[in-house]
1. Quick one: length gained pulling residue 80 to residue 54 fully straight, 0.36 nm per residue minus the C-alpha distance?
2. Compute the Rg to Rh ratio over the chain from the alpha carbon atoms, using the Kirkwood formula for Rh, and round to two decimal places.
3. As a check on your grasp of the helix formula, calculate [θ] at 222 nm for the chain: sum -39500 (n - 2.57) over DSSP H runs of n ≥ 4, divide by the residue count, round to the nearest 500.
4. Hey, if you put +1 on the Cβ of every Lys and Arg and -1 on every Asp and Glu Cβ in the range 1-100, which of 20, 55, 85 ends up farthest toward the positive end of that dipole?
5. What does the extension gain come out to for residue 104 and residue 63, with contour length at 0.36 nm per residue minus their alpha carbon separation?
6. Using unit Cβ charges (K, R positive; D, E negative) and no other charged atoms, how large, in debye to the nearest 20, is the dipole of the chain about its Cα centre?
7. Under a crude label model (7 Å from the Cα following the beta-carbon direction), how far is residue 35 from residue 14 in nanometres?
8. Using a Gaussian network model of the chain whose springs link C-alpha atoms within less than 10 Å, name the residue from 30, 18, 59 with the highest mean-square fluctuation.
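No lab work stands behind these numbers, since they all come straight from the coordinates. Since the model is a prediction, treat every value here as computed from it, not as a measurement. Ideal geometry is used to build each Cβ from the backbone, glycine not excepted, and the neighbour counts take in all protein chains shown.
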Amino acid sequence: MDLPPADREAICPVRAALDLIGGKWKGLVLFHLLEGPLRFNEVQRRLHGVTQRMLTLQLRELEADGLIHREVYPVVPPKVEYSLTPRGRTLEPILRALRTWGVEHLSLNQAI
């Protein structure tokens, strides 16, 4: 298929994947949700340095992209939990592979 470079970029599967999970926080949010549902404050505690505003934005984008589910419980005080959707769960092997790669390469950098 002979497409102009801009059109090739538009349909690149790697770009599409990175658009969904790229950035500083999305991959980390998804990785922590592999363990099970978490409340907002639990997610924020695990992501050292994320602001409340940025985490809210990232969670909304992940929800809009169908990767996480936001469950609001009708209790006082309000309780909200985030979990992976079936589509989000398909990222598990990728997220675990990224973790493995990171562990291996952090060790190499420390040995230098």
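1. Details: separation 26, 0.36 × 26 = 9.36 nm, distance 1.71 nm.
Gain in length upon complete extension: 7.6 nm.
2. 1.06
3. Numbers: 7 runs with 67 residues, N = 112.
So the calculated ellipticity at 222 nm is -17500 deg cm²/dmol.
4. Ranked along the dipole, the leading option is 55.
5. Working: separation 41, 0.36 × 41 = 14.76 nm, distance 3.10 nm.
Here the segment from residue 104 to residue 63 would lengthen by 11.7 nm.
6. Computed about the Cα centre, the dipole is about 420 debye.
7. Reported label-point gap for residue 35 and residue 14 is 3.2 nm.
8. So, out of 30, 18, 59, the one fluctuating most is 18.
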